[in-house]
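Data block below; observations after.
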Amino acid sequence: EDMNPCHWAQGMVYGAICAEQRELETLDVRLTYYQIDTDEIIRYTRHFSAAELDAFLNDLLRQYLPWARRQLDWVEARNRSLGALQFPFPAYRPGQRALAGEVYRACAAGKAEQKGGTRLFCQAPTGIGKTMSALFPALKAMGEGKGEKIFYLTARNTTQAAAEDALARLRAADPALSLRSVTLTAKEKACLCKDAEGRPACLPEACPYANGYYERLKDALADLLDSAVPYDRAALTETARRHRVCPFELGLDLSEWCDVVIGDYNYLFDPTVHLRRFFDAAGDYIFLIDEAHNLPDRARAMYSARFCKSSLTDARRAIGKGKSALKTALTKADRGFLEARRAVTKLAPRRGSAPTESPAEDLTQQTSLLDTEPAEAAFPLPEPLLAQDGTVFLQELPKELLRLLFSLQAPLQDWLEANPEADAHAQLLELYFAVQDITRAAERYDAHFVTQLTARGSELEWELLCLDPAPFVDASLAAGRAAALFSATLTPPGYYRSVLGCPDARAVTLESPFPPEHLGLYCLPGISTRYRDREASVQAVSDALAALARAKVGNYLAFFPSYAYLRQVHKDFTARYPDIGTLAQESGLDDAARAAFLEQFGPSPAKTLLGFGVMGGIFGEGVDLVGDRLIGCAIVGVGLPQVNPRQEILRRYYDEAGGTGFDYAYRFPGMNKVLQAAGRVIRAQEDRGVVLLLDDRFARAEYTRLFPRHWHQLQYLRSTTELEQQLAAFWARNQ
C-alpha cells in the first residue's frame with residue numbers, strides 16, 4: 001500500500017482541492033491500480049479530514065514558494081536583458097539579416113494557444129551564420145513575451161557545440177545578459193555508474209547517484225542556479241559528483257529552469273524518450289531545428305521498432321533451470337517466433353547469395369520486386385506485400401507475434417521486481433524494454449507503416465517500419481508556438497515540407513553570401529558511375545581525381561556512394577598515382593577515429609592529401625574545414641541509396657501517395673548527400689575551392705533542377721585534359 005508515496009501525495013493534492021471546492025469536512029482518497037495483462041484491479045483507500053489535506057497541500061506550497069519567486073524574478077530580469085541585447089557582430093553577413101527576420105516573424109506570429117503553431121523552412125547556404133541567425137531573433141522574441149523557452153535541436157554533437165558557441169559569444173558581447181542554457185547529453189554518455197558491460201545501472205540499489213536522488217536534488221539545483229556558468233556536460237558532471245545525483249536526470253530537471261535547451265532531435269520527436277514534462281501538452285515553446293535535412297530519416301527511425309527472436313532464446317537460457325511463470329511465457333514466445341521464422345523461410349526462400357547493389361536508375365520500369373507470388377505458410381501471417389530472399393513485408397500487423405509479446409510483459413515485470421540482484425537482471429531488463437518498444441510502436445501502427453520479417457539462420461528479426469513520419473512530426477511540432485527548420489540543403493522544399501508534415505509551411509531560400517568566382521565548379525559528364533558501369537569507370541575516376549589533386553598543393557576529399565566502390569578506386573589510384581598522399585575512410589569509425597582523420601587536414605599543407613570518404617557519412621556533412629584545410633572535393637555519382645526491398649517498399653508507398661516514389665525514395669535523398677558533400681569546400685568569405693562532379697546524370701534535367709542557384713557557373717568538360725586546363729586557370733585567378 002505504501003510502495004509509492006508519490007502516488008499518495010498526488011491523490012492527497014487532488015483530495016485537498018476537491019474538499020475545498022465542495023466544502024467537505026472529510027474525504028476518502030483511493031488509489032486504483034489496473035494490471036493490463038491480467039485485468040486485475042487493486043484498490044487502496046485512506047480516510048482524511050479536510051484539515052489534514054489542507055495542511056499537506058499548504059506545506060508543499062510553502063516549500064515550493066521560494067522556487068516560484070526565484071523563477072518569476074529570473075524571467076523578469078531575463079526579459080529586460082534580452083530587450084537590451086544587441087547583435088554580437090559589427091554587421092550582418094549577406095543573407096544573415098534576412099534569415100534572422102524570417103525566424104523572428106515566425107516566432108512572433110505563433111501563439112501558445114494556436115493549434116499547430118507557425119512553421120518555417122529555410123534553406124540558408126553555408127557561411128550565412130545559421131546558428132546565430134536563428135538563436136538571436138528567437139531570444140529577442142522570447143524577451144518580448146513571445147515564447148517561454150527555446151529548444152535548439154540537432155542531429156549531431158558538432159551542431160550542439162555550434163549552438164553553445166553562439167550563446168557564449170552573446171554572453172561575451174553582453175556581460176549583463178541573463179540567460180540560462182543547458183545542453184542535454186545522452187544517458188549512456190552522461191552516466192557515472194555503469195554495470196560490468198558498460199551500460200547505465202539505473203536502479204537505486206545499484207547506483208548511489210540514483211538512490212536518494214530527490215532528497216539531494218534541491219541542493220544540486222540551487223547550486224547550479226546560483227552559478228553563472230553555462231550548463232554543459234562538464235558543469236553537470238561536476239555538480240552531480242559533488243551532490244551525488246544522476247547527471248542525466250539532473251540535466252532534465254534543470255531544463256525546467258532554463259531558457260534555452262540544447263539537445264538531440266529525440267528529446268522532441270522520439271515517442272519513447274521525448275521530454276514528457278514539456279511536450280505531453282502544448283506550451284509556449286520555440287523550436288529551432290538545425291540541419292533539418294537529417295530529420296526525415298531520423299524521424300522514420302524514431303517511430304520504427306525492432307525485435308529479435310534471439311533475445312527470447314538468450315533470456316530463457318539466462319534465467320536458468322526450474323519452473324516459473326516467466327520461463328513458461330518465454331518458452332511459448334520463443335516457439336511462436338520459431339514457427340514464424342519457418343513461415344517466413346517458406347514464403348521467401350533465401351537465394352544462394354546475398355543481395356548486391358543494383359542500378360537505381362533502372363528502377364523506373366522495374367516492378368518485379370513487388371510482384372512476387374507468396375507460397376502458403378503454416379504460421380498465421382497476413383498476406384505479404386513482398387516476399388523475397390528471406391524477407392517478408394506485410395501491411396497488416398502479425399497479431400499472433402504481438403500477442404506473444406503482450407503475454408510476456410507481466411511475468412517479465414514481476415521477475416525483474418522479485419530478482420533485482422540476479423545476474424540475468426540487466427539482460428532481462430533489456431528484453432523488457434525491447435518488448436515495450438515494439439508493443440508501443442504497434443499502438444501507433446497504421447497505413448504509414450509496414451512490417452518487415454527477416455529470417456537469417458536461426459534468427460527472426462521483426463521490424464515495424466515507419467515509411468512516412470509526417471503525421472508524427474507534425475504532432476510533435478504542434479507542442480510549440482513556432483518551429484524554424486533550417487539547413488543548407490532543403491531542396492526541393494516541397495519534399496521536406498511533405499515528409500515532415502508541414503505542407504503549408506512558409507519556405508524560403510537564401511542566396512549564397514560568397515562571390516561565385518571563389519568556387520570553381522566542374523563536371524565530367526562522360527563518366528558513368530552506375531552500378532553496372534563501375535568496374536569500367538574506375539580508371540577514369542582515378543584520372544579525374546589525380547587532375548584535381550595535382551592542380552594545386554592542398555587538401556582534397558573525394559566522396560563515393562559506397563565503401564566497395566571507394567575501395568576499388570582507392571586501390572587503383574594508389575597503384576597508379578603513388579606520389580599523391582591518400583587517406584581512406586573505414587566503416588564504423590568512432591568519435592576519436594573521426595577526429596584523427598580530420599586532424600590530417602591541417603592548414604597550409606606542404607604536400608597534397610586526398611581523402612576518400614562516403615557520401616552521407618561522418619565526413620560528408622557536419623565537417624568544418626575552413627580556410628585552406630580543404631580546397632576541393634570530388635563527388636562520384638549522384639548518391640542514390642542502394643536498391644533493396646526496403647527502399648522499394650518506400651518507393652511504392654510514395655508512388656501510391658502521389659506518383660513521386662523514385663524521387664522520394666532515391667533521387668531527393670541522393671542529391672541531398674551530393675549537396676552536403678559539396679558544401680564542405682567554401683565555409684568562409686575568404687575561402688577558395690573547387691568542386692568536381694563525376695557522373696553523366698549531373699547533366700540531366702531531373703538532377704540539374706535540384707542544383708542550388710549559386711551553381712549557375714557549373715562548367716561541363718569533355719576530358720581530363722580540359723579539366724586540367726580549367727583548374728589551372730581557376731587557381732591562377734585565385735592565388
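Data table
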| item | result |
| --- | --- |
| Relative contact order computed over segment 1-84 (Cα-Cα under 8 Å; 6+ residues apart), in percent | 25 percent |
| Cα long-axis angle, helix 309-318 against the chain (0 to 90 degrees, to the nearest 10) | 50 degrees |
| MRE, 222 nm, helices only [DSSP H, n ≥ 4, -39500 (n - 2.57), over the chain, to nearest 500] | -14000 deg cm²/dmol |
| Qualifying GluC sites (Glu not before Pro) in segment 541-630, DSSP loop, other Cβ atoms within 10 Å at most 13 | 586 |
| Centroid-to-centroid separation of segment 654-718 and segment 163-186 [C-alpha atoms, Å] | 35 Å |
| Rg over Rh, two decimals, segment 186-258 (C-alpha only, Kirkwood Rh) | 0.96 |
| Sites residue 225 and residue 10 - FRET efficiency at Förster radius 30 Å, r taken between beta-carbons, to 0.05 | 0.70 |
| Rounded if a/c under 1.5, otherwise prolate or oblate - the chain, Cα gyration tensor axes | oblate |
| Amide H contacts of residue 507 (H built 1.01 Å from N, under 5 Å, at least 5 apart or other chain) | 121 |
| Relative packing of 560-568, 436-444, which averages over residues the other C-beta atoms within 10 Å, highest first | 560-568, 436-444 |
| Theoretical gain in end-to-end length, residue 429 to residue 51 [0.36 nm per residue, Cα-Cα removed] | 131.8 nm |
| Per-bin percent of Cα-Cα distances, segment 516-733 [10 Å] | 8, 35, 38, 16, 4, 0 |
| In sequence order, calculated HN-Hα J values of segment 583-593 (Karplus, 6.51, -1.76, 1.60; Hz; x Gly/Pro) | 8, 10, 5, 10, 6, x, 5, 8, 4, 5, 5 |
| Residue 511 versus residue 735: modelled label distance in nm, points set 7 Å from Cα along the beta carbon direction | 3.0 nm |
| For the chain: relative contact order, % (alpha-carbon pairs under 8 angstrom, 6 or more apart) | 15 percent |
| Relative compactness, segment 384-484, computed as alpha-carbon Rg over 2.2 N^0.38 Å | 1.36 |
| Listed peptides 672-680, 537-545, 166-174, 15-23 by packing density, highest first (mean Cβ within 10 Å) | 672-680, 537-545, 166-174, 15-23 |
| Rel. contact order, % - alpha carbon contacts under 8 angstrom, at least six apart, segment 186-258 | 33 percent |
| Residue 257 long-range amide H proximity, modeled H, under 5 Å | none |
| Cα-based shape type of segment 17-133, given that a ≥ b ≥ c are square roots of the gyration tensor eigenvalues and the cut on a/c is 1.5 | prolate |
| ³J(HN,Hα) computed for each position of segment 706-719 - Karplus, 6.51 cos²θ - 1.76 cosθ + 1.60, integer Hz, glycine/proline x | 9, 6, x, 4, 6, 8, 5, 8, 4, 10, 8, 10, 8, 7 |
| Point-to-point label distance, residue 157-residue 234, nm (Cα→Cβ direction, 7 Å offset) | 1.4 nm |
| 0 to 90° range, to nearest 10: angle between helix 325-347 axis and the chain longest Cα axis | 30 degrees |
| Vicinal HN-Hα couplings computed from phi for segment 419-425 (Karplus, 6.51 cos²θ - 1.76 cosθ + 1.60; Hz; Gly/Pro x) | 10, x, 9, 5, 4, 8, 4 |
| Separation between Cα centres of segment 575-650 and segment 1-53, rounded to whole Å | 61 Å |
| Amide H contacts of residue 582 (H built 1.01 Å from N, under 5 Å, at least 5 apart or other chain) | 610 |
| Segment residue 350-residue 44, length gained on full extension (0.36 nm per residue, minus Cα span) | 104.5 nm |
| Between segment 239-293 and segment 411-470, the Cα center-to-center distance that results, in Å | 25 Å |
| Order of 111, 309, 321 - criterion: other Cβ atoms within 10 Å of each residue's Cβ, fewest first | 321, 111, 309 |
| Listed peptides 86-98, 290-302, 408-420 by packing density, highest first (mean Cβ within 10 Å) | 290-302, 408-420, 86-98 |
| log10 of Debye I(q)/I(0), alpha-carbon scatterers only, for segment 66-160 at 0.11 Å⁻¹ | -0.38 |
| Whether segment 197-342 is rounded, prolate or oblate, judged on the alpha carbon gyration tensor where a/c under 1.5 counts as rounded | oblate |
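Values in this text are rule-based calculations from the coordinates and carry no lab data. Here the structure is a predicted model, which means the values were calculated and not measured. Positions of Cβ are backbone-derived with ideal geometry, glycine not excepted, and every protein chain shown enters the neighbour counts.
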